[in-house]
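This report concerns only the one structure given below.
The values are calculated or read from the model by the stated rules, or taken from the named source; none is laboratory data. These figures come from a predicted structure and were not determined experimentally. Neighbour counts are summed over all protein chains in view; Cβ atoms, including those assigned to glycine, are modelled from backbone coordinates with ideal geometry. Please note that ligands, DNA and RNA were not included when accessible areas were found on the heavy atoms of the full protein model with its side chains. Shrake-Rupley method; radii C 1.70, N 1.55, O 1.52, S 1.80 Å.
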Amino acid sequence: MQLSELEEYQDQLVLHLEASGLNVSFGDDLAVLLKTYEVATGTGYVQLPFVLEDPKDFNPYNFWVCFDDGNAPVALTGFRTMQNSGETRRVGEAYSRGALYRPKKSEGWFPDSGPELRPHALYGYIGAGWVHPRFRGHNLAGFIARIAQSEALMRTRGTLSMSTAMTAEALFRSGMNLRASGLHHLHVEQVLDGYLAIADHDMKLFLSYSTGTELMSFYERELAMLREGEVIPWLHEHDKASAEEVIAAVPQRTSEEVPVSTMAGLLA
């Protein structure tokens with residue numbers, strides 16, 4: 001999948017939402033996301049992964065997405081992009097060392113857990129997800145996850161090695177993160193058992209993720225359906241197919257048709 005096709009895919013999703021009466025906007029200032037999230041949810045909950053305190057955490061690959069109905073936000077999500085150190089390590093180790101945020105007390109991460117990161121690889125975290133109760137049941141969570149992760153791939157010019165998300169035990173057991181209808185990740189594993197600063201209590205935490213190449217394959221499959229005017233059942237009809245099933249339906253490429261996201265392996 002080329003970047004121009006990825007842009008076409010995202011445009012199709014945005015056009016669908018606009019036709020339904022919603023506006024789609026992108027912001028680069030994560031401080032504004034935090035304020036918007038606080039007002040929208042009314043909970044006072046602080047999304048620690050999006051609190052940037054170190055100048056090194058700021059980069060053009062961080063952004064947030066908002067759907068609004070012309071009056072107020074109805075759906076939100078944020079995306080953080082980080083660069084691995086000069087050594088090969090796992091995401092569990094990176095997060096345990098404060099790559100995502102810097103907790104005030106030790107957390108219960110498993111350093112040897114999560115996918116492997118190559119030296120200097122770009123990897124992302126999608127979070128701060130919220131949908132207004134009045135707009136639930138229309139799979140806005142699925143739309144905003146696609147728009148955010150495709151935006152991350154475009155901003156990094158296809159070099160994003162993976163997108164990750166934190167998953168509480170109840171959501172992990174429901175299988176929601178692996179469904180094509182929602183976050184559409186392909187993998188999940190436990191990465192923490194103990195204190196988590198985000199929740200401010202002990203818990204079991206799971207990490208769901210897809211590589212950049214897997215996301216590209218998923219979007220390629222959906223773009224082909226959109227071009228044919230087909231209804232995507234897992235996006236519009238409450239189909240519970242897994243993201244893995246969608247990927248399995250993508251035709252195999254020839255050696256001349258290398259997806260852009262494989263550049264991540266060459267440039268990492």
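Overview of results
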{"read-out": "Set 33, 15: member being open to solvent by less than 50 Å² (accessible area, probe 1.4 Å) and either within 16 Å of residue 141 (Cα to Cα) or in a helix (DSSP H, G or I) (or both)", "value": "33"}
{"read-out": "Single unsatisfied condition, residue 80 versus (1) among the basic types (Lys, Arg); (2) open to solvent by 30 Å² or more (accessible area, probe 1.4 Å); (3) in contact with a strand residue (DSSP E or B) (Cβ under 8 Å, 6 or more places away or on another chain); (4) under 21 Å from residue 153 (Cα atoms)", "value": "(2)"}
{"read-out": "Residue check, residue 39 modelled with pLDDT of 95 or more, among the β-branched types (Val, Ile, Thr) and assigned to a helix (DSSP H, G or I)", "value": "no"}
{"read-out": "Qualifying residue in the stretch 197-207 (condition: open to solvent by less than 50 Å² (accessible area, probe 1.4 Å), among the small types (Gly, Ala, Ser), closer than 18 Å to residue 100 by Cα and assigned to a strand (DSSP E or B))", "value": "no"}
{"read-out": "Residue that is farthest from residue 79 (Cα to Cα) [pool: residues in the stretch 95-113 that are of a type in the set (Gly, Ala, Ser) and within 21 Å of the chain's Cα centre (by Cα)]", "value": "113"}
{"read-out": "Which listed residue, of 135, 63, is of a type outside the set (Ser, Thr, Tyr), surrounded by fewer than 23 Cβ atoms within 10 Å (Cβ to Cβ) and at pLDDT below 95", "value": "135"}
{"read-out": "Within the stretch 218-242, tally of residues that are part of a helix (DSSP H, G or I), under 17 Å from the mean Cα position of the chain (by Cα) and modelled with pLDDT under 95", "value": "1"}
{"read-out": "Filter pass, residue 127 being touching a residue at least 60 places away in the same chain (Cβ under 8 Å), of a type outside the set (Ser, Thr, Tyr), open to solvent by less than 50 Å² (accessible area, probe 1.4 Å) and touching a Pro at 6+ places or on another chain (Cβ under 6 Å)", "value": "yes"}
{"read-out": "Which listed residue, of 158, 182, 212, is at positive phi and within 17 Å of the chain's Cα centre (by Cα)", "value": "158"}
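One line per residue, one yes/no per condition, for (1) in a strand (DSSP E or B); (2) out of contact with any Ser or Thr (no Cβ under 8 Å at 6 or more places or on another chain); (3) buried (at least 24 other Cβ atoms within 10 Å of the Cβ):
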residue: 151; (1), (2), (3): no, yes, no
residue: 157; (1), (2), (3): no, yes, no
residue: 165; (1), (2), (3): yes, no, no
residue: 170; (1), (2), (3): no, yes, no
residue: 173; (1), (2), (3): no, yes, no
residue: 177; (1), (2), (3): no, no, yes
residue: 184; (1), (2), (3): no, no, yes
residue: 188; (1), (2), (3): yes, no, no
residue: 193; (1), (2), (3): yes, yes, no
